[in-house]
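Asks: Provided herewith is a single structure, encoded as structure tokens, for subsequent inquiry.
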Protein chains: 4
Amino acid sequence: MDYLKVQREGARTPNQPLQSQKGIVSKELEALRDALRQFAADRDWDQFHSPKNLASALSVEAAELLEHFQWLTEEQSKGLSSEAKLRVADEMADVLVYLVRLADKLDVNLIDIARSKIARNAEKYPVDKARGSAKKYTDL
Amino acid sequence: MDYLKVQREGARTPNQPLQSQKGIVSKELEALRDALRQFAADRDWDQFHSPKNLASALSVEAAELLEHFQWLTEEQSKGLSSEAKLRVADEMADVLVYLVRLADKLDVNLIDIARSKIARNAEKYPVDKARGSAKKYTDL
Amino acid sequence: MDYLKVQREGARTPNQPLQSQKGIVSKELEALRDALRQFAADRDWDQFHSPKNLASALSVEAAELLEHFQWLTEEQSKGLSSEAKLRVADEMADVLVYLVRLADKLDVNLIDIARSKIARNAEKYPVDKARGSAKKYTDL
Amino acid sequence: MDYLKVQREGARTPNQPLQSQKGIVSKELEALRDALRQFAADRDWDQFHSPKNLASALSVEAAELLEHFQWLTEEQSKGLSSEAKLRVADEMADVLVYLVRLADKLDVNLIDIARSKIARNAEKYPVDKARGSAKKYTDL
């Protein structure tokens, strides 16, 4: 994990961007980022897109996604109709859009941080202890 | 998958939320998806990962992201310290992880739906009407 | 307060969401409101308590409440241990605290609006149509 | 705080309800609770009202409340129009409704837990240290 290595080496200056310089890049996510930049610039919406507001919007969209599932059983949630799935996918798109936009504003490399997080979770939840358990790692 | 069938048959109506027939793929997101599949399989966690539960978890992580901003002014949110940014990025990683996992379970192509959403938003928020306004499209 | 003025003048339309002219008051909720006012004044925290920030905080606490349930089955959620119930109750307290604080800032009578909401929901979800169905009223 | 006293004395049995028997009661909240019980019974909705589902619904309503504020500045959020305030109050009603319903299902006394929480927060945030600071108590 380059990301963890950077931390361990203490090589960050206070204003250094979070991502590693060489991090792994998804050109498709970069294309989304660029489309969203253009979208906001065309509408003069950057004034509304503070990280605080984007985090609110992301949270609201995540709740709208959850709304589709709130009265379903878990089993029902596994067998959505194609129509329901389209509505759910629509909310997922909103979540991704705000996540990419926030990552752009904060100069965060989404792929790098997710890879790093999975690696750290693998340490926090060792296979032998976590197997079949929904407990939080602090309770394992 | 009825959902994919609809796509293949090109049977979409004018409100079709999804876009391409063949789908644009981010191999980096696919690698995350595969890593998360393995992570869950190793721990026998698929039993907990119903779409309903994943949507809850995604929403919880989005709120944990928001928590970092809740008492900041918008200006302060634009000037996070590198330490605060690391904590924020950590929550963003959790959001992406659950989003990718949910997309896997529902067989949703994240890049496609986000591209499609941006295209539809461009229609809902025409540049001339939306310029500089935070109004919802229904109020434009 | 325009809002109260509207109430006093009886100028409501058929969609009026609020109910009584004089308002039903819970003296226990008023005591909470007063304790929270004092708490904030003592700490000079009113500067942070804009309605926008309080709505964020309320949403974050609601998600922390949800977190306790996210990996439980519905059945498990009905049989919480007393220890788990204490943790859950703790998050519920946070939700109520921010709700009361926001109601104070916006001069909203919580009891009145909840009574009014139940009355309107009774119209939106007629017993004969809604019986045993989790559908949204627009789909009944 | 009777609530804390009960904890300290270790007088709880594993299945003992959370609230103190003598707790402070708001008869207006009890009237809401009873109205909601009747509402659910009339529609055979208890089957959907597991604590897990109610916590989801509460979280979704809190996000709908937040949605009204997401693009506003803090100053704007302090000066809502009476029309906007009615819409906001409507979402606050939903939050209270689900909170009361969940408290009923879990046998939690909302007034008691909120009073207890305020008392504990007063200890966590001593006036001299917390004055004018938005820091979390762990960072004071």
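Values in this text are rule-based calculations from the coordinates and carry no lab data. Values in this document were obtained by computation on a predicted structure and should not be read as measured data. Using ideal geometry, Cβ is built from the backbone for each residue, glycine included, and neighbour counts are taken over all protein chains shown.
Asks: Extending each Cα 7 Å along its Cβ direction at B:ILE24 and A:ALA41, get the distance between those two points in nm, one decimal.
Replies: Each label point is offset 7 Å from its Cα along the Cβ direction, giving 1.7 nm.
Asks: Right, next: Using a 7 Å offset from the Cα along the Cα-to-Cβ direction at both C:ARG33 and A:SER133, what is the distance between the two label points in nm, to one decimal?
Replies: 4.7 nm
Asks: Distances from B:VAL25 to the same position in the other copies: list them in nm, one decimal, shortest first, using label points 7 Å from Cα along Cα→Cβ.
Replies: List, nearest first: 2.2, 6.4, 6.7 nm.
Asks: Starting with the fewest neighbours, write out B:ARG131, A:ARG120 ranked by other beta-carbon atoms found within 10 Å of each beta-carbon.
Replies: Working: B:ARG131 12, A:ARG120 15.
Exposure proxy ranking, most exposed first: B:ARG131, A:ARG120.
Asks: Give me the inter-chain shielding for D:77-86: mean count of other chain Cβ atoms within 10 Å, whole number please. Each step should come with its number before you reach the end.
Replies: On the way: counts 8, 6, 1, 4, 2, 7, 3, 2, 9, 10.
Mean shielding count: 5.
Asks: By count of other Cβ within 10 Å, fewest leading, how are B:TYR98, A:TYR125 ordered? Working shown, then result.
Replies: Working: B:TYR98 24, A:TYR125 19.
Taking fewest neighbouring Cβ atoms as first place, the list is A:TYR125, B:TYR98.
Asks: At a Förster distance of 45 Å, what's the computed FRET efficiency of D:LEU140 paired with C:GLU123, Cβ-Cβ distance as r, to 0.05? Intermediate values should be presented prior to the final figure.
Replies: On the way: r = 49 Å, r/R0 = 1.10.
With a Förster radius of 45 Å, E is 0.35.
Asks: Count the lysine pairs in region D:52-140 whose Cα atoms lie under 17 Å apart, taking only pairs 8 or more positions apart in sequence or on different chains.
Replies: On the way: D:LYS52/D:LYS105; D:LYS117/D:LYS136; D:LYS124/D:LYS135; D:LYS124/D:LYS136.
Lysine pairs, 8 or more places apart or on different chains, close enough: 4.
Asks: Suppose you put the label 7 Å out from Cα in the Cβ direction; list, shortest first and in nm with one decimal, how far B:ALA41 is from each other copy's label.
Replies: Those label-point separations list as 4.3, 5.1, 6.3 nm.
Asks: In nm to one decimal, list the spacings between the C:ASP128 label point and its equivalents in the other copies, with label points set 7 Å along Cα to Cβ, shortest first.
Replies: 5.1, 6.6, 7.0
Asks: OK, next. Rounded if a/c is under 1.5, else prolate if a/b is larger than b/c, else oblate: which is region B:54-132, with a ≥ b ≥ c the root eigenvalues of its Cα gyration tensor?
Replies: On the way: a/c = 2.58, a/b = 1.13, b/c = 2.29.
It comes out oblate by the Cα gyration axes.
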